[in-house]
Every structure is written in structure tokens, then in C-alpha cells.
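Structure provided below as C-alpha cells; questions to follow.
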Amino acid sequence: MKDKELHIDGIDKIILQHLIHDARIPILSIAKEVGISGAAIHQRLRKLEASGLLKGSKFVLDPKILGYKTLAFVGIFLDSAGIYKDAIEKLKSIPEVIESHYTTGDYAIFIKILCKDNEHLMKVLNHQIQAIKGVSRTETFISLDQQIDRQIGF
């Protein structure tokens, strides 16, 4: 089913909107709103999971509660494209790196990094990321505030 475009109807959209907002919402409360049985909701969810659209559910931690107050984006320049895989493997071992993207443009890799403060960020940059063999330089952008945080909507 992954090769074909998935058809999502109005009921599927309502189900997904509820689950995106709160993955722990009782299925029966969605069923009551939509006007179909809980079993029908479960059947639709199985269809959406089988299509690959739904990729599990997870709890979202608030990093600030854990003391992580500095969010930054780092553009990484590599000496050559041939070291991309090795660089990614090294980045995977740095727990502060929470996202990685292979990009077009100036950077070979663009990462999202969470640190406790600017000093912590500086240590991660200087002693871990810039120490990776083949990283020629980095550019860092510190996020001052996040205004939008959402998934694709309907």
C-alpha cells in the first residue's frame, strides 16, 4: 500500500486530528463524536498503520524541565562527501544531537541539538562535533524562541 497514494476521508481526518492532539484519547470518545462504533475506529487505525502513515505513538518530554534550555541548529561542512556516513555514525553517539538532515546548499549535514546552556553547547561543539574526522567547520544558530511546533495538518 505504500506505493499508492493513501485516501484519507473526513472520518480518518477527525481520528487523526484527535490522535495528533492527544494519542491517549479514548477511542470510544472519538467514535461517539464521529457517530461510528469503536470497532470501526480500530479498523480504520489498523488501515492507517498498515499504510505506513502512522509511525507509533510516543510521549513528548519537555526538555526545559530536564534543564535543557539551549536549542541550536548546526550546519556542518565536511572535507568530502565520502565521509558522510562516518560523520553520521559519530553524531549518533552524541546524545545532545536530536535530529540530523542530509541537505542541499552549503552544509552537508544540518543538525538540531539540545544543551543545558551555552557553555554546554560550546563544549559539545568544540570537543565532540568539531572533533569528528572530516568536519572542516560548523555554523551554529541558537533558537531564541519556538513559535510553531506541529505535524502536517489536514
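The values are calculated or read from the model by the stated rules, or taken from the named source; none is laboratory data. Values in this document were obtained by computation on a predicted structure and should not be read as measured data. Methodologically, a virtual Cβ is constructed for each residue, glycine included, from the backbone with ideal geometry; neighbour enumeration extends over all protein chains shown.
Just name the residue that is modelled with the highest pLDDT out of those in segment 25-45 that are of a type in the set (D, E, K, R) and farther than 21 Å from residue 152 by Cβ.
In this case the residue turns out to be 32.
Looking at segment 75-85, can you tell me whether even one residue there is under 30 Å from residue 107 (Cβ atoms), of a type in the set (Ser, Thr, Tyr) and either out of contact with any strand residue (DSSP E or B) (no Cβ under 7 Å at 6 or more places or on another chain) or loosely packed, with under 12 Cβ neighbours inside 10 Å (or both)?
Yes, segment 75-85 contains at least one residue that is under 30 Å from residue 107 (Cβ atoms), of a type in the set (Ser, Thr, Tyr) and either out of contact with any strand residue (DSSP E or B) (no Cβ under 7 Å at 6 or more places or on another chain) or loosely packed, with under 12 Cβ neighbours inside 10 Å (or both).
Any idea which of 98, 111, 65 is β-branched (Val, Ile, Thr), out of contact with any Cys (no Cβ under 6 Å at 6 or more places or on another chain), at pLDDT 95 or above and farther than 30 Å from residue 24 by Cβ?
111
Let me ask something else about it. Spot the failing condition for residue 71; the list is (1) over 24 Å from residue 5 (Cβ atoms); (2) surrounded by 13 or more Cβ atoms within 10 Å (Cβ to Cβ); (3) at pLDDT below 95, and only one is missed.
Residue 71 satisfies all of (1) over 24 Å from residue 5 (Cβ atoms); (2) surrounded by 13 or more Cβ atoms within 10 Å (Cβ to Cβ); (3) at pLDDT below 95 except (3).
Right, another one. Run down 113, 129 and say which single residue is within 26 Å of residue 22 (Cα to Cα), surrounded by 11 or more Cβ atoms within 10 Å (Cβ to Cβ) and outside the structural domain of residue 24 (by TED's automatic domain parsing).
113
Moving to a separate point now. Just one of the numbered conditions (1) surrounded by 13 or more Cβ atoms within 10 Å (Cβ to Cβ); (2) within 26 Å of residue 23 (Cα to Cα) is not true of residue 56; which one?
The number of the failed condition is (1).
Give me the residue from segment 132-154 that is within 24 Å of residue 92 (Cα to Cα) and hydrophobic (A, V, I, L, M, F, W, C) and, out of that set, surrounded by the fewest Cβ atoms within 10 Å (Cβ to Cβ).
141
Please go through segment 35-63 and pick out each residue that is closer than 19 Å to residue 6 by Cβ and of a type in the set (A, V, I, L, M, F, W, C).
If the condition is that a residue be closer than 19 Å to residue 6 by Cβ and of a type in the set (A, V, I, L, M, F, W, C), then 40, 41, 45, 48, 50, 53, 54 are the ones that fit.
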